[in-house]
Amino acid sequence: MLQLVYISTVVAAVDTAAILDVSRANNTRDRITGLLFCDGRRFLQALEGDTAMVERSYARIARDPRHRALVVLSRREVAAREFGGWAMAERVPGADGAAFTRRVEELVAAASPAVRATFDSFARLQRAA
């Protein structure tokens, strides 16, 4: 099973609820799990599942005009899913930064140390923002 983690820059304001709705439908259909984190400026996402399905999903994401400058941070084979289900973390203005950081920690608890560190660091940066 392939796990791919990437980061990209948001081109314009995004409706994360709409993105999540479409992502849930696509990922359920393709049996992809992972985590999508959006802070309004960047997307950080982990995708995991059948190699062909993850590659197809990433190719679709790469063509999406809502973001640019995609960088793959990690691409590796995993024996089992590290993200048990599809989830999304989003920090909204005025939200409790500590609660947000705890939520991200919960979502990445089963991930490899490197993937967990990537998401935890990103969440902590947002907590300080």
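Here are the numbers for this structure:
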quantity	calculated
The stretch 43-59 - phi-based ³J(HN,Hα) in whole Hz, Karplus 6.51/-1.76/1.60, Gly and Pro as x	10, 10, 9, 10, 10, 9, x, 3, 3, 4, 5, 5, 4, 5, 4, 5, 4
The chain: antiparallel DSSP beta bridges as a percent of all, rounded to 5	85
Apportionment of accessible area to carbon and sulfur, the chain, percent (1.4 Å)	55
Percent of C-alpha pairs per 10 Å bin, the chain, short to long	13, 47, 35, 5
Viscosity 0.692 mPa s, temperature 37 °C, Stokes-Einstein D of the stretch 1-67 from Kirkwood C-alpha radius, µm²/s	273
Loop sites in the stretch 49-85: trypsin sites (Lys or Arg not before Pro), DSSP, at most 12 other Cβ within 10 Å	none
Residues of the chain: accessible area per residue with a 1.4 Å probe, Å²	52
Amide proton proximity set for ARG42, modelled H, under 5 Å, gap of 5+	VAL10
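The values are calculated or read from the model by the stated rules, or taken from the named source; none is laboratory data. As the structure is a prediction and not an experimental result, all values here were calculated from the model. Every residue, glycine as well, gets a Cβ built from its backbone with ideal geometry; the counts of neighbours run over all protein chains shown. When the accessible area is computed, the model is the full protein with side chains, heavy atoms only, and any ligands, DNA or RNA have been set aside. Shrake-Rupley method; radii C 1.70, N 1.55, O 1.52, S 1.80 Å.
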